[in-house]
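The values are calculated or read from the model by the stated rules, or taken from the named source; none is laboratory data. In this text, all values refer to a predicted model and were calculated from it rather than measured experimentally. Here the Cβ is made from the backbone with ideal geometry for all residues, glycine too, and neighbour counts use every protein chain on show.
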Amino acid sequence: MSSEKKFSIGSLVKLISGGPVMTINDIEPQTSRVKCVWFSNERLVSEFSFSSEALRDAYESEIPYIPPADPATGAYSDQVEVV
């Protein structure tokens, strides 16, 4: 199952597993590779090419919001919202 991710040059992204905020500076559409740059150690610019499947929007929510239980019944909602 492939979720088609749409990134563009200049987009801010992170690895799905975490890490620093990176800026996309090149996209290779035929290989689905995305070249990113970021600062490490505050002054050193790093660069690497990642699979687009390994990246997500840098400011996409990471923590789902689970509404509190209904005080009258103590039951939880079946719906989880991502904020």
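Would you call Glu47 over 15 Å from Lys6 (Cα atoms) and either at pLDDT 75 or above or polar (S, T, N, Q) (or both)?
Details: over 15 Å from Lys6 (Cα atoms): yes; either at pLDDT 75 or above or polar (S, T, N, Q) (or both): yes.
It is true that Glu47 is over 15 Å from Lys6 (Cα atoms) and either at pLDDT 75 or above or polar (S, T, N, Q) (or both).
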Completion exercise
For the stretch 27-50, the count of residues that are among the basic types (Lys, Arg) and surrounded by 12 or more Cβ atoms within 10 Å (Cβ to Cβ) equals 2
